[in-house]
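Accompanying notes for the structure given below.
The values are calculated or read from the model by the stated rules, or taken from the named source; none is laboratory data. On a predicted model such as this, the values are computed, not experimentally measured, just so you know. So basically every Cβ, Gly included, is an ideal-geometry build from the backbone, and we count neighbours across all protein chains shown. In case anyone asks, the SASA skips ligands and DNA or RNA and just uses the protein heavy atoms, side chains included. Shrake-Rupley method; radii C 1.70, N 1.55, O 1.52, S 1.80 Å.
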Amino acid sequence: MMRIISGSVLVLLLLAASAAQGWTPQRLGIDEGTLTGLMEKGWSLEETDMAFCVRLEIDRDGKVQPDVRPATRWMDGVPPPPFTEAMKRDQDRMLALARGLRFRPATWDGVPVAAMGTVCFPKSMVRTEDWLENPPDFPAITRWEEVEVGLRRTPCFGSCPVYDVTITGTGKIQFTGSTLSLMPGPERGVLMPGEHKDRIEPSAAKALVDRFRQARFLSMRDEYDSKVVDGSFTILWLKIGETKKRVFSNEGENMGQPAAFDALVKAIDSAAGTARWVKGDVGTVPYMLDQGYDFGSPGVLSVAREAMRRGNEPVLAGLADQGLPLDHVMPGSHLSDYDFNAAPLGDLTLGQGMLLTAMRFNLPGLFTRLRERGWLERTPAPLLQQITTRFVPRHPDILNPLVAAGIKPPTRTQPDKTAPAERCPVLSRPTATQVTGEQEMLLLECTKELLRRGVKLDRAEADGYRYVDHAALASLMVARYLLTEGPQPRLPPDEEGYWHVGIGHDATILTLLQAGVDPRGRNGTASALRKAALEKPLPATLEWLDTQGGD
């Protein structure tokens, strides 16, 4: 049934809409990027740490108001209370820094307004390093054979690399890698588990020990423990004769751990060349050659299979060049068990498996090596078609030979930044999570392309919501575009629709309200929006509801 509106009522509605459009809020919630951009002398978001944040308010002149509170980008924005003296010092320093910030005024339709939001600091500005008060002196070294530095990385709930590595003062390296993980599954963090030895020049070893002296390693505390139980721990140690020092870190940067600790970890990894054993690089196969490995041994075959799982081209190419037995048969399940919908591949030779790996990870150099050795012809066409269809090889040095061999080219292409719907962040996973920067431009261009293609943006999604509504809430830029060019967005009909809304959505929701979007949900009231405005908070939205008659 059509709703008929009398002329007098229509005039009143138009007048009310006109007044609402000219209305300016007293206080506006803005997103972190916008607020950081208003700082007179600020920093980029890329520099910031999501735990070192404050919630603050600036007046119409850009002056920070006294009520500055700790915040975080996590969950509801409220950080846990500091539970160590180091964390308390860091928090106090952060609050003091926040009160001294200077901002340019925020505006709404060109009019200065008070604003509130979250600002996150670079970790280097806030963190207070915690050192021993009376550390021992760094001892003089006369017997370098009694000197050792070491590094240990422990397991985590995932595929963290687990290993010990030591370097003596005379340059001897010993590495012991493990496949241990705290979770079941085929992941292993170390490409080459077991014990490996090498050496560096004594002068390089002495330089590394001197870095421990310069870093004041003996002045560090024995533990920087945040009590997090699901991550990998890192342990450094130094031995000089009878002097022994061990430092344990569990996400210790939040516990006063000096930045020099991480620098020493990197220095040991670099000096020992642990990457060749941990993840595999251009030094892996030369190390095997130098150590006299048998390239047909079970250990090398295991490394080859793991390198295939990772798509490690330098290791696979090096092994193929050094006589890896490519006719060796292996279970094809090793290549498919990481893909939820992958069909079993059956038994494969290493040559076939490496060719499929090159297709899967788009490794043209490896693919060409194997094709020139006849492995394209020796791999069954159904397997080639299966991998081509699933993983969409893009490089012409892979795709062209496949097409020439009778394999149908993939029907889908890799998405670009503007055209396909699957690259729209909000469409691919319906949610009102705010997007900014490059993601916002991506969403805008994708939305424009969808409209050009005639896609019905106002059709209901699987969850009952509409794409146009999610897109408008996700971006102020997209909301303004849709209000003029697309189907009219609506505000969420219930509390669940505001789950991902945060303070940065205030301007977007206010824009929709001023454009005449109905604030009422499916219960006939604006209770869901009002609750979100109180909790998030959304100060301008709440003010609009109070002053414009939102019930």
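So here's what we get for this one:
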| read-out | value |
| --- | --- |
| Any chance LYS456 is part of a loop (DSSP other than H, G, I, E, B) and of a type in the set (Lys, Arg) | yes |
| Single residue of the range 159-173 satisfying the filter (under 33 Å from the mean Cα position of the chain (by Cα) and among the polar types (S, T, N, Q)) that is modelled with the lowest pLDDT | SER159 |
| Matching residues in the range 439-482 - criterion: being modelled with pLDDT of 90 or more and aromatic (Phe, Trp, Tyr) | TYR481 |
| Members of the range 69-94 that are modelled with pLDDT of 80 or more, surrounded by fewer than 16 Cβ atoms within 10 Å (Cβ to Cβ) and under 18 Å from THR48 (Cβ atoms) | ARG69 |
| Output for the range 521-549, where each listed residue is over 31 Å from the mean Cα position of the chain (by Cα), in a loop (DSSP other than H, G, I, E, B) and either within 18 Å of HIS505 (Cα to Cα) or modelled with pLDDT of 95 or more (or both) | GLY521, ALA526 |
| Given (1) free of Cβ contacts under 8 Å to residues at least 40 places away in the same chain; (2) over 17 Å from VAL435 (Cα atoms); (3) open to solvent by 10 Å² or more (accessible area, probe 1.4 Å), number of the condition ALA533 does not satisfy | (3) |
| Tabulated pairs, the range 346-361, first more than 13 Å from PHE391 (Cβ to Cβ) and surrounded by fewer than 24 Cβ atoms within 10 Å (Cβ to Cβ), second acidic (Asp, Glu) and at pLDDT 95 or above, C-beta under 6 angstrom, 6+ apart or interchain | THR349/ASP327 |
| Qualifying residue in the range 309-316 (condition: under 26 Å from LEU289 (Cβ atoms), open to solvent by less than 10 Å² (accessible area, probe 1.4 Å), out of contact with any strand residue (DSSP E or B) (no Cβ under 6 Å at 6 or more places or on another chain) and modelled with pLDDT of 95 or more) | yes |
| The range 490-530: number of residues that are open to solvent by less than 40 Å² (accessible area, probe 1.4 Å), within 16 Å of VAL468 (Cα to Cα) and in contact with a strand residue (DSSP E or B) (Cβ under 8 Å, 6 or more places away or on another chain) | 1 |
| Filter result for the condition that a residue is within 28 Å of ASP546 (Cβ to Cβ), of a type in the set (S, T, N, Q) and at pLDDT 95 or above, over GLN21, GLN65 | GLN65 |
| Residue match in the range 215-228 (condition: among the hydrophobic types (A, V, I, L, M, F, W, C), free of Cβ contacts under 8 Å to residues at least 40 places away in the same chain and touching a helix residue (DSSP H, G or I) at 6+ places or on another chain (Cβ under 7 Å)) | no |
| Filtered residues of the range 247-291 (kept if of a type in the set (Lys, Arg), assigned to a helix (DSSP H, G or I) and buried (at least 17 other Cβ atoms within 10 Å of the Cβ)) | ARG276 |
| Unmet requirement for SER297, which otherwise passes all of (1) open to solvent by 40 Å² or more (accessible area, probe 1.4 Å); (2) among the small types (Gly, Ala, Ser); (3) within 24 Å of PRO193 (Cβ to Cβ) | (1) |
| Residue identified as open to solvent by 40 Å² or more (accessible area, probe 1.4 Å) and part of a loop (DSSP other than H, G, I, E, B) among PRO155, PRO139, PRO135 | PRO135 |
